[in-house]
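The values are calculated or read from the model by the stated rules, or taken from the named source; none is laboratory data. All values derive from a computational prediction rather than experimental measurement. Every residue, glycine as well, gets a Cβ built from its backbone with ideal geometry; the counts of neighbours run over all protein chains shown. Remember, those area values only see protein heavy atoms, side chains included, never the ligands or the DNA or RNA. Shrake-Rupley method; radii C 1.70, N 1.55, O 1.52, S 1.80 Å.
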Amino acid sequence: MDWLWTRKARLSYIFFIAILICGGAPFLLNLYLPITKTHERALGTCLLNPPYKVACLPNLQGESLTQEICEAALCCWRSNMDDLLAPLCFHSYPSAYSFFHERKKKRETLATWKLESNMRKTPFGGRTLTSVFFSYSSNEDQAVLTFTNVRDVVGPIRSSSRASGLELRVVDSELFFIQLIRTSNKTILLDTSSGGLMFGKNYSEVTIRPPTSFIYGLPGDHIKLKHDFQWTRQTISNRREINAGGASLHAPFYMGLEEGGNAHGVLIDTEDTIEVSFQPLPSITFRILSSDMDPLLRIRVFPGPTPRDVLRQLTDYIGKPKMPPYWALGYHTCRAAPNISVFQDVLNLTRIREIPFDGDCISSSIQVPGAFTFEDLEEWSELDEEVQALHDAGYKFFMPFSPHVAYESSPELSPEQLLPFQSGKNESIFVTYYNESLEWIGEYDDVLVVYPDPSNPNMGSWMNSSLQRFMENLNLTWKSVDGALLKDVSPRSDNTSLYPWESLENDNLQYLPPRDMSKNDPLFSNTIWWGALHSTGVWHWEYHNRYADEFSSTFRDAVGPPELLIADSMSIIAGKNEKRADGWLASGYRGDWWAMKKSLITIMEAGLVGIPFAGVPVCGDLETEYLDQVNTLGDLCTRWNQLATFYPLAVNHYGRDSTPRHPTDFSASVTDRIRIALRQRYRFLPYLYSRFVEASETGLPVVRPFFLEYPEDSQSRDVDEQFLIGSALMMVPSLDSKRVVVSTYFPPGRWMDFYSGVVLTETGRTNISIPVAGFQFQVAVKAGHIIPYQDVKNNSAESRLTNFTLTVALDKNGSAKGDLYFGSPSNFSRLLFEARTKFVMNGTDDSLFNATGISPVTVTELVFELEMGRAKCQGDEGTYIFTVINRVRVFGFGRKNSAIAYIDCGGWLEKLETNFQLGILDIFNVNIDFCELSKEACSLRLYIQ
């Protein structure tokens, strides 16, 4: 038996015992001790090409970010200078901050996974969840990805046997990476394999790889409609920024335009503040300041497949846009006038110079900063008389309000002016410091203020009594107020020195994105401190993006509501469409050319996230630093008012300490040019109103970027200095000082000048130089459409009493279609127009043709037909609508010799007067009253030789 104890045998025993100890001990510990199972995994590779690099510690910059700090956070350090824009500290691939999946429960359209992570902290050092649940559900209109910390997950949408056309794929056998695939062409719409996936204390992060870099939406501070993926960053959080575009619109939604023209949409379904980073892969990182409440993260994917489908699916979920009253589409003016005589002078000059407008605020300085008490009652003692004078002349009165209440320590305020504060303090109405004992104090226009808390159940009654007292002091009633403009409702505060920043960062938030990416200001600068407390026990950083909508809702309930409610801040939140204001007026724009360019991007982006009734103060609402004797404010306001011809919401509003910029504040020549532009707006009001009806039914915006109508045209994807109004009209503004020619891209199709009928291009897909000198701006109509418009008077109500004209732009087949919605928002009627053409010889049974005595001829028949039965020819609140089509202009015949026109309406025949010049047929005295149409359609027959 000596061989059992040889040296070789002893070594074998030692080796066997070592294996038993090393392998058995962990097994026994894991079996009997209460330790969570973890997955041991080495850090992924750091050898990444620059486009794959996703920032790991974006909160650290300069000397505060070192290689030691980066690697201690289990991130990668950039050891070379391969791309100076790429982050120094980035996630490995795969990231150390990933999850593993253990099991799933799968049914036809609902699946659930349990996910685990061996990371106990985020890169920022805060606590992270090590176990979460992921669920997937879908129906024909959306797919929903949900992360929660609750085991039994119920699908957030009712699953349907009609599939969304999307397939969920878990990519790795152990790591949890998902792909969402369009089954029709295998396009991967969403991929989470880049960057980290983490859910920590008040923080979530996910990176999405879309299949395209043509990403639109996510309103914010950028100058181009298509997002820049060169490591740019922006924040989605309601706030007022200077020239910051959609900063005051919380809308975490984007539309991706895929190769071939398909489109999809992605909504990060949360009210929380989000920082968005774009990497050139392309990939998009969402860093969310989320609460610990479920769901931790919910992503909704709208499959399209067309851009129109995506917007329908989005607005089916968040709520269809509201329909504004007809007068709201007119031009509105407001200024911070120190007294009532300023308004009286403006109104007189406006009438003398025949500038059309619909509404005026008289002054935005009637109140002490806020909406609840007056500034100087003697200065406004005649306000009720001026409001009555506006109404008598057919105009509307709207009043600005803001969510600020003058604080008791404000200097030079009387006890009467402090009543709103005292009554609110007694009812604990205001947002407080974190200790709940003191009101949080901000500053607004050099006055100390406190902020009403919309989450307080008593706020509605307090607001009602405070506003009633305010109106009584001015001898007004709410019936005399046609509309309200809620301004600085983000809400704004001017004094950032009042904020204990460190306390917020240490106690509540482990990651706080900067307000301005080029500065080190915290995101909560210029608003309520995020560590303030609401009556429900919620921190303001959790409530912040709800504040504007909740305040708007409470205001609406407290006052009536008014016909029109406009706010300068709002969010797209499902199920809260009725809480939102009727329209969005972005604010904080300087009067300069840069701001004017950004205003167009702002309005188009708002339409792409379901807010079509949007505008920017025409000429800006702030002072500028960039105008001189060459680039004057008059030149700027001429061009800006031309651009505003087709703004969905057109408001000229400038604040205190700003140079006056009402159309009458300039020389006679500048005012004349502005008047020409505004008259064009009023001419197109019937068409605009019809497009708003379309928006309220389909979710399509009124102002549209080219790609929305031409997704398969690659050249349309980058166009953002021209735009469409509906499908039929295109505007080419001049957005630069002294530009007299604009290189204009025409998308596919036949396009004509709207005014002259000249064919600009037969096929489109081409660039043409368009003159825009002086008062000129280009409006083109696409062949195949019919545009109704009216004559212009002093306001929309008077213009609505004038004759209609139809512009018929025939396509190459001699066809065209159009429509006109009329009536009130609660009782629409729709008039359909259709033109069709045929070529005939002798021998037809058409008696009218035989009577003409000419052959051969082209016969074009224009049919008028009511789609919704006999119309009730009344507008809003019973106002009368004139419904006579008196003139028809037809483009697209080419150079013909003669034309004869007959009207055929229920057996009544009449030959009409025509004028045929340069291929444009003008028909006069048509006199079709579409409100009196019988069940049989009327038609206009044109015989062209």
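Structure data summary
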{"read-out": "Filtered residue count, region 473-483, keeping only those that are outside any loop (DSSP other than H, G, I, E, B) and either open to solvent by 10 Å² or more (accessible area, probe 1.4 Å) or outside the structural domain of ASN545 (by the TED database) (or both)", "value": "4"}
{"read-out": "Qualifying position, being modelled with pLDDT of 95 or more, in a helix (DSSP H, G or I) and hydrophobic (A, V, I, L, M, F, W, C), among ALA595, ALA644", "value": "ALA644"}
{"read-out": "Long-range neighbours under 7 Å by Cβ, at least six apart or interchain, first residue more than 17 Å from THR183 (Cα to Cα) and in contact (Cβ under 8 Å) with a residue 60 or more places away in the chain within region 297-309, second part of a strand (DSSP E or B) and among the polar types (S, T, N, Q)", "value": "LEU297/SER204; ARG298/THR146"}
{"read-out": "Selection status of LEU862, aliphatic (A, V, I, L, M), open to solvent by 20 Å² or more (accessible area, probe 1.4 Å) and modelled with pLDDT of 60 or more", "value": "no"}
{"read-out": "Count of region 735-777 residues which are crowded, with 21+ Cβ neighbours inside 10 Å, closer than 30 Å to VAL863 by Cα and out of contact with any Lys or Arg (no Cβ under 9 Å at 6 or more places or on another chain)", "value": "1"}
{"read-out": "Some residue of region 545-567 being at pLDDT below 80 and on the phi < 0 side of the Ramachandran plot", "value": "yes"}
{"read-out": "Any hit, region 465-472, residues being assigned to a loop (DSSP other than H, G, I, E, B), of a type outside the set (S, T, N, Q) and either free of Cβ contacts under 8 Å to residues at least 24 places away in the same chain or open to solvent by less than 50 Å² (accessible area, probe 1.4 Å) (or both)", "value": "no"}
{"read-out": "Selection within region 57-93 - touching a residue at least 12 places away in the same chain (Cβ under 8 Å) and aliphatic (A, V, I, L, M)", "value": "LEU57, LEU60, LEU65, ILE69, ALA73, LEU74, LEU85, ALA86, LEU88"}
{"read-out": "Residue under evaluation VAL431, criteria (1) in the same structural domain as ILE566 (by the TED database); (2) open to solvent by less than 20 Å² (accessible area, probe 1.4 Å), criterion not met", "value": "(1)"}
{"read-out": "Checking ILE181 against (1) at pLDDT 90 or above; (2) open to solvent by less than 40 Å² (accessible area, probe 1.4 Å); (3) more than 26 Å from LYS201 (Cα to Cα); (4) part of a loop (DSSP other than H, G, I, E, B), the condition it does not meet", "value": "(4)"}
{"read-out": "Of all residues making up region 47-70, the number that are among the aliphatic types (A, V, I, L, M) and open to solvent by 80 Å² or more (accessible area, probe 1.4 Å)", "value": "1"}
{"read-out": "Matching strands (runs of 3 or more DSSP E) fully within region 194-259 where at least 2 residues are under 30 Å from HIS101 (Cα atoms) and open to solvent by less than 10 Å² (accessible area, probe 1.4 Å)", "value": "198-200, 203-208, 253-257"}
{"read-out": "Count of residues meeting criterion [within 23 Å of VAL859 (Cα to Cα) and open to solvent by less than 10 Å² (accessible area, probe 1.4 Å)] in region 785-798", "value": "3"}
{"read-out": "Condition met for LEU831 (at pLDDT 70 or above, buried (at least 22 other Cβ atoms within 10 Å of the Cβ) and under 27 Å from PRO324 (Cα atoms))", "value": "yes"}
{"read-out": "Residue selected from region 71-92 under the condition farther than 21 Å from SER117 by Cβ and modelled with pLDDT of 90 or more, by the criterion surrounded by the fewest Cβ atoms within 10 Å (Cβ to Cβ)", "value": "TRP77"}
{"read-out": "Enumeration of residues in region 387-409 that are more than 23 Å from GLU798 (Cα to Cα), open to solvent by 10 Å² or more (accessible area, probe 1.4 Å) and in contact with a helix residue (DSSP H, G or I) (Cβ under 9 Å, 6 or more places away or on another chain)", "value": "TYR407, GLU408"}
{"read-out": "Test for PHE421: is it out of contact with any helix residue (DSSP H, G or I) (no Cβ under 8 Å at 6 or more places or on another chain) and either open to solvent by 10 Å² or more (accessible area, probe 1.4 Å) or among the hydrophobic types (A, V, I, L, M, F, W, C) (or both)", "value": "yes"}
{"read-out": "Of residues in region 434-444 being modelled with pLDDT of 85 or more and open to solvent by 40 Å² or more (accessible area, probe 1.4 Å), the one nearest to SER461 (Cα to Cα)", "value": "LEU438"}
{"read-out": "Residue list for region 923-933, filter: assigned to a loop (DSSP other than H, G, I, E, B) and either modelled with pLDDT under 75 or touching a Leu at 6+ places or on another chain (Cβ under 7 Å) (or both)", "value": "ASN925, VAL926, LEU933"}
{"read-out": "Options LEU810, LEU801, LEU820: the member that is surrounded by 17 or more Cβ atoms within 10 Å (Cβ to Cβ), of a type in the set (A, V, I, L, M, F, W, C), over 24 Å from ALA695 (Cα atoms) and modelled with pLDDT of 90 or more", "value": "LEU810"}
{"read-out": "Unique match (being under 17 Å from the mean Cα position of the chain (by Cα), touching a residue at least 40 places away in the same chain (Cβ under 8 Å) and open to solvent by less than 10 Å² (accessible area, probe 1.4 Å)) among ALA677, ALA695", "value": "ALA695"}
{"read-out": "Condition broken by GLY655, with the remaining ones in (1) more than 26 Å from ILE920 (Cα to Cα); (2) at pLDDT 95 or above satisfied", "value": "(2)"}
{"read-out": "Number of the condition not met by TYR434 [criteria: (1) of a type in the set (Ser, Thr, Tyr); (2) farther than 23 Å from SER490 by Cα; (3) in contact (Cβ under 8 Å) with a residue 40 or more places away in the chain]", "value": "(2)"}
{"read-out": "Candidates ALA614, ALA581, filtered to the one that is more than 30 Å from THR632 (Cα to Cα), at pLDDT 90 or above and either open to solvent by 10 Å² or more (accessible area, probe 1.4 Å) or not acidic (Asp, Glu) (or both)", "value": "ALA581"}
{"read-out": "Number of the condition not met by GLY265 [criteria: (1) over 16 Å from the mean Cα position of the chain (by Cα); (2) open to solvent by less than 10 Å² (accessible area, probe 1.4 Å)]", "value": "(1)"}
{"read-out": "Test: residue in region 154-162 that is assigned to a loop (DSSP other than H, G, I, E, B) and modelled with pLDDT of 85 or more", "value": "no"}
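Per-residue answers, yes or no, for (1) assigned to a loop (DSSP other than H, G, I, E, B); (2) open to solvent by 10 Å² or more (accessible area, probe 1.4 Å); (3) at pLDDT 85 or above:
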| site | (1), (2), (3) |
| --- | --- |
| ASN886 | no, yes, yes |
| GLY894 | yes, yes, no |
| ASP904 | no, yes, no |
| GLU910 | no, yes, no |
| GLU913 | no, yes, no |
| PHE916 | no, yes, no |
| LEU921 | no, no, yes |
| LYS935 | yes, yes, no |
| LEU940 | no, no, yes |
